[in-house]
Amino acid sequence: MKAFVVTAPKEFEIQDVPEPVATSGEVVVKVNRVGVCGTDVEFFNGSMPYLHDGQAKYPMRLGHEWTGTVISVGEGVDSKLIGRRFIGDVMLGCGKCKRCTTGRQHTCADRFEVGIRNGWSGALAEQLAIPARFLHEIPDSFDDTIGALVEPGANAWRVADAAQAKPGKAILIWGTGTIGLLTAQFCIAMGATVHMVGKDPVTIKLATQIGAASAGESVLEIAGGYDVVIDATFDREVPAKLVDLVEPGGRIVLIGVDNNSAPIDSRKLVFKDVTVVGILSGSPGLPHSIEFIKSGRIDPRIIVGATVGLNEVGEVFLGKRPAGAGIGPKILVDPSKF
């Protein structure tokens, strides 16, 4: 089968690789769509910390925001799964440790991360193997575009949940990329008022289209201040700024990451009585993401700019916008086209 393989920082090949075989407890899916994520870009550029602490190494096959159809099953897996459409968790915990058995498998010390950690090959390929216990079936009403947006949507749901978004809450989201825009949709669906800050005039405009009360390149001062502030950027300077912006007794939610540490003055947190929440993974939010989309409470398709073939992925990673792309920041891939 064909697969997109990163061989070194900013170096890649479309390779012919062996098709995966479903071992005991696993399935093989035909990948219908996969999203290009900011984490993938970090691996492609060589800046992702996992590359420097031994948790990942080249060559590697990226891709973790996928949807696909089961085409074969391994021993112990119900053959009735064949032909059905699923998305999958990214974090593949061992299933036996305390973290896994208490609902925190996404923090398992021995976890694999699909297309990210410990060598588990990702979905930028025609097929993908994954343990059946990490599958989540999607409704027939979901097309492949929607399916590929469930996983980033799950991360955004977790941010909105950590923000305790509800009517009467004023929330500032810093970052108008994929996760920032999806988080805004979930917060608005939960009844909160959302304001956004970004750098790209195009995605700033998109923020207002999805219902943000304001969006711009600088923070808007509002009456009563911000009950919650959210970092959805790659800017290491943003978290410290959020400490100054949040109201006393408020909440800071961090999902943005940078390959450098982002210092925060812990004394300010204490004196302002602020709660800080870090979000690593969308794993616990996958069912919620599916339900919000299924019910029509959010429609993530607005964030998609284009769908490309496997042979065009390298250009996307190199920062080139596909010809005819819309304004949405998310680029999807159809691995059957190359």
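Data for the structure
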read-out	value
Unique residue being surrounded by 17 or more Cβ atoms within 10 Å (Cβ to Cβ), within 30 Å of Met48 (Cβ to Cβ) and free of Cβ contacts under 8 Å to residues at least 24 places away in the same chain when the list is Val219, Val194	Val194
Conditions (1) surrounded by fewer than 17 Cβ atoms within 10 Å (Cβ to Cβ); (2) under 27 Å from Phe86 (Cα atoms); (3) touching a strand residue (DSSP E or B) at 6+ places or on another chain (Cβ under 8 Å): number failed by Leu310	(1)
Verdict on Val243 being β-branched (Val, Ile, Thr) and not in a strand (DSSP E or B)	yes
Test: Leu206 is under 21 Å from Trp157 (Cα atoms), surrounded by 13 or more Cβ atoms within 10 Å (Cβ to Cβ), outside the structural domain of Ala165 (by TED's automatic domain parsing) and hydrophobic (A, V, I, L, M, F, W, C)	no
Every pair of residues 6+ apart whose Cβ atoms lie under 6 Å, when the first sits in segment 11-39 and is within 17 Å of Val308 (Cβ to Cβ) while the second is of a type outside the set (Ser, Thr, Tyr) and part of a loop (DSSP other than H, G, I, E, B)	Val31/Ala123; Val31/Pro335; Val34/Gly63; Val34/Ala123; Val34/Leu124
Pick from segment 105-161, criterion among the small types (Gly, Ala, Ser) and part of a helix (DSSP H, G or I), ranking: farthest from the chain's Cα centre (by Cα)	Ala132
Identity of the residue in segment 93-124, out of contact with any Gly (no Cβ under 8 Å at 6 or more places or on another chain) and within 22 Å of Pro18 (Cα to Cα), that ends up surrounded by the fewest Cβ atoms within 10 Å (Cβ to Cβ)	Gly119
Residue in segment 318-336 that is modelled with pLDDT of 95 or more, over 30 Å from Glu11 (Cα atoms) and assigned to a strand (DSSP E or B) present	no
Subset of segment 222-240 (residues that are assigned to a loop (DSSP other than H, G, I, E, B) and either surrounded by fewer than 20 Cβ atoms within 10 Å (Cβ to Cβ) or assigned by TED's automatic domain parsing to the domain that holds Asp40 (or both))	Ile222, Ala223, Gly224, Gly225, Phe234, Asp235, Arg236, Glu237
Subset of segment 114-154 [under 20 Å from Ile255 (Cβ atoms) and among the aliphatic types (A, V, I, L, M)]	Val114, Ile116, Ala148, Leu149, Val150, Ala154
Flag for Asp227 being more than 21 Å from Ser289 (Cα to Cα), out of contact with any His (no Cβ under 7 Å at 6 or more places or on another chain) and either of a type in the set (A, V, I, L, M) or modelled with pLDDT of 95 or more (or both)	yes
Total residues in segment 252-286, condition under 13 Å from the mean Cα position of the chain (by Cα) and either closer than 16 Å to Glu151 by Cβ or modelled with pLDDT of 95 or more (or both)	9
Any hit, segment 38-50, residues being in contact with a strand residue (DSSP E or B) (Cβ under 7 Å, 6 or more places away or on another chain) and either under 18 Å from Glu126 (Cα atoms) or part of a loop (DSSP other than H, G, I, E, B) (or both)	no
Pair list, Cβ < 6 Å and 6+ apart or interchain, from segment 46-58 residues that are assigned by TED's automatic domain parsing to the domain that holds Pro9 to residues that are in a loop (DSSP other than H, G, I, E, B)	Gly46/Pro9; Ser47/Asn259; Pro49/Asn259; Tyr50/Ala56
Residue selected from segment 125-146 under the condition under 18 Å from Val27 (Cβ atoms) and free of Cβ contacts under 8 Å to residues at least 60 places away in the same chain, by the criterion surrounded by the most Cβ atoms within 10 Å (Cβ to Cβ)	Phe134
Residue in segment 63-70 that is part of a loop (DSSP other than H, G, I, E, B) and at pLDDT 95 or above present	yes
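The values are calculated or read from the model by the stated rules, or taken from the named source; none is laboratory data. Since the model is a prediction, treat every value here as computed from it, not as a measurement. Every residue, glycine among them, receives a Cβ derived from its backbone with ideal geometry; neighbour counts consider all protein chains shown.
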